[in-house]
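The values are calculated or read from the model by the stated rules, or taken from the named source; none is laboratory data. Remember, it's a predicted structure, so these values are computed and weren't measured experimentally. Cβ coordinates were reconstructed from backbone atoms using ideal geometry, including for glycine residues, and neighbour counts include every protein chain displayed. SASA here: full protein model, heavy atoms, side chains in, ligands and nucleic acids out. Shrake-Rupley method; radii C 1.70, N 1.55, O 1.52, S 1.80 Å.
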Amino acid sequence: MNTASPARKESIEANRRRTFAIISHPDAGKTTLTEKFLLYAGAVAEAGAVKARAGRRKATSDWMALEQQRGISVTSTVLQFKYREHIFNLLDTPGHRDFSEDTYRVLSAVDAAIMVLDAAKGIETQTLKLFEVCRAQSLPIITFINKFDRPGRDPLELLDQIERQINLKPTPVTWPVGIPGNFKGVIDRRDGTFINFTRSIRGLNMASEEILDEDTASQRIGDDWESAKYECHLLDEIGANLDIKSFLAGETTPLFVGSALTNFGVRHLLDAIVDLAPPPGARSDTEGSPRSLEEPFSGFVFKIQANMDPSHRDHLAFVRVCSGEFNRGMPLIHGRTGKSFSTKYATSVFGSDRDTIDKAYPGDVVGLVNASELQIGDTLYQSSPVTFPPFASFVPEIFSTVQTRDTSKHKQFRSGLHQLEREGVIQVLRDKKDELPIVLAAVGQMQFEVFAHRIQYEFGAEVLLSPSIYKVARVTDEATAEKLDSINGARVFARGDGTLMALFESSYWLDHVASQNPTWKLDQVS
Ligand code: G4P
């Protein structure tokens with residue numbers, strides 16, 4: 001007989017969950033690793049299913065055509081699978097710096113991240129920002145150095161680069177024997193055993209693992225074994241050893257090496273997610289008080305996506321469960337408006353594939369359909385009210401004016417603008433005096449491309465984007481806005497959330513104005 005009280009059930013279920021994201025440079029092997037996770041979890045019989053599924057998805061969606069052309073990922077999906085009696089929720093992140101704001105929001109919904117690096121490339125500049133975003137959230141990060149089956153960089157040099165560039169100290173758990181390209185296997189530094197590298201043909205099936213003790217490995221491998229042992233000794237000397245406390249604080253990163261293509265290291269990594277990555281914990285509300293997992297249902301919206309499937313034309317909100325048990329059909333309260341919200345059509349979210357979700361627990365992600373009133377950052381709760389902190393906006397780095405090419409499509413233009421702003425695709429700034437064209441603000445150029453593509457194909461409004469004369473933004477208030485009206489080279493706009501933004505033609509001019517008027521409010525954007 002099950003004697004667990006309903007209250008304890010949420011904690012038990014939460015403890016079984018690991019909710020994480022993989023962040024990587026495009027081409028470092030994220031898709032391959034995801035496939036291998038599914039293979040090892042028994043969720044697919046043979047590797048290749050993810051790509052096949054992704055292919056099907058791409059064929060049914062307009063804007064995924066853009067992803068395909070540009071080789072980028074704009075959509076996020078959530079995979080759920082079981083491994084060692086644990087339930088893994090793997091959240092996808094876009095793999096390009098221009099979408100770092102999206103990545104930031106997805107990362108706020110996970111409890112850990114896996115950073116995948118290509119052994120030949122290390123950390124690349126175009127994705128450095130993504131890793132910094134991850135680091136800035138103090139998320140526990142596990143690092144996987146992939147593609148060891150082919151020539152690459154010296155592993156010690158890669159450790160140094162990670163530490164210098166993202167200020168995260170690597171603590172290798174497995175260490176390579178043999179150089180990349182002539183890879184023999186890894187030492188598991190926890191017990192000194194050697195795991196022999198065997199190639200399986202493109203890793204279609206799980207690889208068998210040969211584990212040798214130190215003496216046998218030394219006899220069989222020879223010089224490469226001795227060099228690897230020496231390097232492990234160096235790692236001991238500098239204290240680069242697994243340390244759970246600093247890992248959970250986001251200061252050190254347990255590091256694994258392997259080759260996703262040939263399946264090598266995949267099991268180690270999955271085990272690390274179970275054994276090292278934290279389960280969902282009590283999430284802090286806006287006051288900083290943690291909400292216990294056992295409180296009635298609560299969750300927050302971290303992503304909104306309209307028109308994922310053009311045949312449905314719906315609005316899907318991705319909600320991360322923070323406390324309690326979710327039961328499909330349960331009425332919830334929408335914190336921002338106080339209105340009741342129906343959950344009759346709750347689904348899982350794998351691209352445009354949908355399955356009904358009946359129950360969910362802390363750490364899970366629920367897709368709510370027809371959620372046109374929800375916004376990113378909104379809280380939903382069942383009975384005891386709570387508000388989770390809103391997301392900070394990123395500092396926009398580029399600005400563009402936007403107009404519709406065809407004035408008869410003004411209605412479509414306005415509704416597209418409203419929707420894409422709500423999804424956080426772009427920041428929309430409107431001139432306070434309503435004289436100037438609307439300005440779009442973004443972190444990266446590709447956000448403009450996604451905006452233009454989606455407003456044309458989903459809303460039927462072709463737009464004209466032109467570089468704006470404004471180059472830098474600051475948050476201001478009504479009093480300063482009035483004063484700014486009287487000077488040249490600056491203009492005040494209102495963002496969708498009501499924040500007043502002062503735009504300047506150059507940072508030189510901004511610095512000048514700020515230094516001449518120290519009492520004016522010209523804050524860094526957040
Ligand atoms: P991404 O999602 O991070 O963009 O990377 P993806 O998994 O698509 O991998 C990019 C390329 O790198 C693929 O080759 C993939 O086969 C290869 N790759 C991934 N892991 C490894 C590895 O451990 N070793 C080696 N040698 N290659 C690896 P592709 O030629 O672009 O695609 P495909 O024809 O193999 O599908």
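For the reader, a short list of remarks on this structure follows.
- Take every pair of alpha-carbon atoms less than 8 Å apart whose residues are at least six positions apart; their mean separation over the length of the chain yields a relative contact order of 13 percent.
- Per-peptide average of other Cβ atoms within 10 Å, ordering 323-329, 153-159 highest first: 323-329, 153-159
- Mean ellipticity per residue at 222 nm, deg cm²/dmol - from DSSP H runs of n ≥ 4 across the chain, formula -39500 (n - 2.57): -9000 deg cm²/dmol
- By average C-beta atoms within 10 angstrom, highest first, the peptides 228-235, 125-132: 125-132, 228-235
- Among THR343, ALA306, SER292 - extreme Cα towards positive end, dipole of the stretch 283-381, charges at beta-carbon: ALA306
- Cα shape, the stretch 211-268, gyration tensor, a/c 1.5 rule: oblate
- In this structure the stretch 398-516 gives 47 Å² per residue of accessible area when probed at 1.4 Å with all protein chains present.
- Protection proxy ranking, peptides 260-271, 172-183, 410-421, average beta carbon neighbours within 10 Å, highest first: 260-271, 172-183, 410-421
- Fraction of alpha-carbon pairs over 21 Å apart in the stretch 283-381 - percent: 27
- 0 to 90° range, to nearest 10: angle between helix 155-166 axis and the chain longest Cα axis: 20
- Kirkwood-Stokes translational diffusion coefficient of the chain, alpha-carbon pairs, 25 °C, 0.890 mPa s, µm²/s: 99
- Summarising the amide proton neighbourhood of PHE264: residues at separation of 5 or more, or on other chains, whose placed amide H is nearer than 5 Å comprise SER259.
- Positive minus negative residues near ILE333 (Lys, Arg vs Asp, Glu; Cβ under 14 Å): -1
- Computed with a 1.4 Å probe over protein heavy atoms only, the accessible surface of the stretch 283-381 comes to 37 Å² per residue.
- Against the main long axis of the alpha-carbon atoms of the chain, helix 410-422 sits at an angle near 40°.
- Once C-alpha pairs closer than 8 Å and six or more residues apart are averaged by separation and normalised to the residue number of the stretch 332-448, the relative contact order reads 22 percent.
- Separation of the alpha carbons by more than 32 angstrom is noted, of LYS245/LYS303; LYS344/LYS409; LYS30/LYS471, for LYS344/LYS409; LYS30/LYS471.
- Electrostatic tally near VAL463: other residues with Cβ closer than 15 Å to its Cβ, Lys and Arg +1, Asp and Glu -1, net 0.
- Charge tally in the Cβ shell below 13 Å around ILE221, where Lys, Arg are +1 and Asp, Glu are -1, ILE221 excluded: -4
- Value of relative contact order over the stretch 283-381, rounded to a whole percent, pairs C-alpha under 8 Å and six or more apart: 33
- Counting only alpha carbon atoms, the long axis of helix 30-40 and the longest principal axis of the chain meet at about 50°.
- Cα gyration tensor category, rounded, prolate or oblate, for the stretch 398-516 with a/c compared to 1.5: prolate
- Put a dot 7 Å past the Cα of GLN137, heading toward its Cβ, do the same for SER384, and the two dots end up 2.6 nm apart.
- The slack between THR347 and ASP243, meaning 0.36 nm per residue of separation minus the straight C-alpha distance, is 33.6 nm.
- For the chain, share of DSSP beta bridges that run antiparallel, in % to the nearest 5: 75
- Measuring nothing but protein heavy atoms, the accessible surface of the chain at 1.4 Å probe radius is 48 percent carbon and sulfur.
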